[in-house]
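The values are calculated or read from the model by the stated rules, or taken from the named source; none is laboratory data. Quick caveat, the model's predicted, so the values are computed rather than measured. Heads up, the Cβs are rebuilt from the backbone with ideal geometry, glycines too, and the neighbour counts pull from every protein chain shown. When the accessible area is computed, the model is the full protein with side chains, heavy atoms only, and any ligands, DNA or RNA have been set aside. Shrake-Rupley method; radii C 1.70, N 1.55, O 1.52, S 1.80 Å.
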Amino acid sequence: MAKKGSKSRATAKGSKSRGDLALRELLRVPGGKPVDLAAYDARETPAGPRDKQTGLASMTDLATPLADLQERLWAASTAGDRRRILLVLQGMDTSGKGGTVKHVIGLFNPSGCRIQAFKAPTPKELEHPFLWRVKRALPNAGELGIFDRSHYEDVLIARVRELVEHAEIERRYDEINRFEKSLADDGVTVIKCFLHISYDEQRDRLLKRLDRPDKHWKFNVSDIDERALWPAYQRAYEIALERCSASHAPWYVIPADRKWYRNWAVSRLLLEHLSELDPRYPEADFDVSEARKRLLER
């Protein structure tokens, strides 16, 4: 993604057009390097459709290949293929985690999806290590798992609100990295998306919730106070992106001020990863000709 006022990465690549580059090349966070979220434009459209109408049409075009790849992934699991997808969605309030689930996962067969929204830990969950509840929600072979918030809450809000000692936060980064490496080794493709929304856009979305009685249930007065902690949350995200973006479990910064682009970008990332997996339908373990013959005789 480009810094404000600079050329987009797609343009910087020279001869390649917006549609030629893999989106993950443009949005991936390089691990181990300092991250400055202020340098990322939350309204940018670094690749793909440039406007809402085109973006919505592109989403429709993605539906068929995504559904096909999902079916193939599920079918392959019936023959012992353990591969599966885990999509992690993180972002500030109103960044669109729920909206992404609604619009993106709606392109898939729900029977092959496992969605988990992580709220504040329950008393029972607090009795266990922080990854305990996460491990219980992981997708099975052939499934697409979606985390609305995730184990990263334990190094984000826990850091900002000082819910645990600093030394424990530092330990958790390493534990998360080991955990995600174990997932990758077990056939899980981990796709972590930070839905990057701007401070002004969040205010506008909160105001719209106040303007609509049918959205009042989504508004919490504490959201106003949380905005005072915006710089602390941005810093917490920067540290998490820097410390926990690896080749086997990269972070992607998704410009999220434009909802249509956010939805397209996440869908496109899923398509790229599923296409790379290239799951295959298992071959028949029976005599197809004989089965056809028997059916025709009955």
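Some values worked out for this structure:
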read-out	value
Residue identified as closer than 26 Å to Glu242 by Cα, among the hydroxyl-bearing types (Ser, Thr, Tyr) and at pLDDT below 95 among Ser8, Ser95	Ser8
Residue among Arg159, Arg149 that alone is under 19 Å from the mean Cα position of the chain (by Cα) and of a type in the set (Lys, Arg)	Arg149
Residue selected from the range 154-169 under the condition buried (at least 18 other Cβ atoms within 10 Å of the Cβ) and of a type outside the set (A, V, I, L, M), by the criterion nearest to Leu195 (Cα to Cα)	Asp154
Sole residue being among the basic types (Lys, Arg) and surrounded by fewer than 18 Cβ atoms within 10 Å (Cβ to Cβ), chosen from Lys192, Lys218	Lys218
Helices (runs of 4 or more DSSP H) fully within the range 182-298 counting 1 or more residues that are within 20 Å of Thr100 (Cβ to Cβ)	199-211, 222-226, 230-243, 259-277
Residue check, Ile115 open to solvent by 20 Å² or more (accessible area, probe 1.4 Å) and within 17 Å of the chain's Cα centre (by Cα)	yes
Hits in the range 27-44 (condition: at pLDDT below 95 and crowded, with 17+ Cβ neighbours inside 10 Å)	Gly31
Single match in Arg262, Arg172 (criterion: farther than 25 Å from Leu107 by Cβ, at pLDDT 95 or above and either open to solvent by less than 20 Å² (accessible area, probe 1.4 Å) or of a type in the set (Lys, Arg) (or both))	Arg172
Single residue of the range 162-177 satisfying the filter (within 19 Å of the chain's Cα centre (by Cα) and not hydrophobic (A, V, I, L, M, F, W, C)) that is farthest from Asp68 (Cα to Cα)	Tyr173
From the options Tyr281, Tyr252, Tyr199, residue that is in contact (Cβ under 8 Å) with a residue 24 or more places away in the chain, among the hydroxyl-bearing types (Ser, Thr, Tyr), open to solvent by 40 Å² or more (accessible area, probe 1.4 Å) and within 27 Å of Ala39 (Cβ to Cβ)	Tyr199
